[in-house]
1. Probe 1.4 Å, all protein chains in place: accessible area of H21 in Å², nearest 10?
2. Explain nothing, just the number: relative contact order of the chain, from Cα pairs under 8 Å at least 6 residues apart, as a whole percent.
3. Please list the non-local residues whose amide H lies under 5 Å from the amide H of G134, H modeled 1.01 Å from N, same-chain partners needing a gap of 5 or more.
4. Taking only Cα atoms, what is the 0 to 90° angle, nearest 10, from helix 109-122's long axis to the longest principal axis of the chain?
5. Would you kindly calculate the translational diffusion coefficient of the chain, applying Stokes-Einstein with the Kirkwood radius from alpha carbon pairs, for 25 °C and a viscosity of 0.890 mPa s, and quote it in µm² s⁻¹ without decimals?
6. Ordering D28, D180 from largest to smallest accessible area (1.4 angstrom probe), what's the sequence?
7. Quick check on the range 81-141: take the gyration tensor over C-alpha atoms, sort the square-rooted eigenvalues as a ≥ b ≥ c, and tell me if it's rounded (a/c under 1.5), prolate or oblate.
8. Consider a paramagnetic label point 7 Å from the Cα of R181 along Cα→Cβ; state which residues of the range 136-164 have an amide N under 12 Å from it.
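The values are calculated or read from the model by the stated rules, or taken from the named source; none is laboratory data. Computed from a predicted structure; not experimentally measured. In this analysis, Cβ positions are derived from the backbone assuming ideal geometry, glycine residues included, and neighbour counts consider all displayed protein chains. Just the protein is used for accessible areas: all its heavy atoms, side chains included, with ligands, DNA and RNA removed. Shrake-Rupley method; radii C 1.70, N 1.55, O 1.52, S 1.80 Å.
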Amino acid sequence: KSNSRCLRMSASQTVAAIEMHPEQVLTDPHVLRWVVPPGILEPGLPTSFPAPLAELFAERVLRASIVEESAIWLWLAPELSWSVVGAQVRTALSAALNQPEGWQIEPADDAILQQVAFEVICGPVGEVIGSHGGAAELVSVKDNTVLVSLTGACSSCPAIEFTLRNRIDLEIRRRHSRLDRVVAV
């Protein structure tokens, strides 16, 4: 299966459309995580983008971005909705991904890991933990190590290691391969 197909931008230019799809970020309706093929960009915090994505930042349609290994998080201006500008953002992001040399990205492993860990703990993994009477809270992220606090039923549960390794660690590692470890504190 190919990772791209042809997309006509205008009469004079044709670019390969990057296969991507948006995932809702449960903690904020103004954020979408655009899943893209790995290896297009280096992970980090983008400081500049190629056009037309740069114009969406200049026009304050978009306000922030993080690049994961196989996803790009985009924060939408609070007064806008994805249903109104989502197609425009998709087109701009696709065009920008065809110009990886036009991105400037600062390394920020811990910032990316923190965002990923927070989303995992607040998302479906946290819901599973909560359904058993427990609670998980992100304490900190430093040097690719995630510290979590497991409370409620988790604090005395014999399956605490299973929860750490097979729920939290596994899901974070699926989205951030540079994770060293998850530690309960």
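1. Looks like 90 Å² after rounding.
2. Numbers: 309 pairs, mean separation 32.9, N = 185.
Reported relative contact order: 18 percent.
3. For G134, the qualifying residues are A153, C154.
4. Tilt of helix 109-122: around 60 degrees.
5. Values: Rh = 17.7 Å.
For the chosen part, D equals 138 µm²/s.
6. On the way: D28 40, D180 95 Å².
The residues order as D180, D28, largest area first.
7. Details: a/c = 4.31, a/b = 1.74, b/c = 2.47.
Oblate is the answer for the range 81-141, as a/c is 1.5 or above yet b/c matches or exceeds a/b.
8. Within reach of a label on R181: 145-147.
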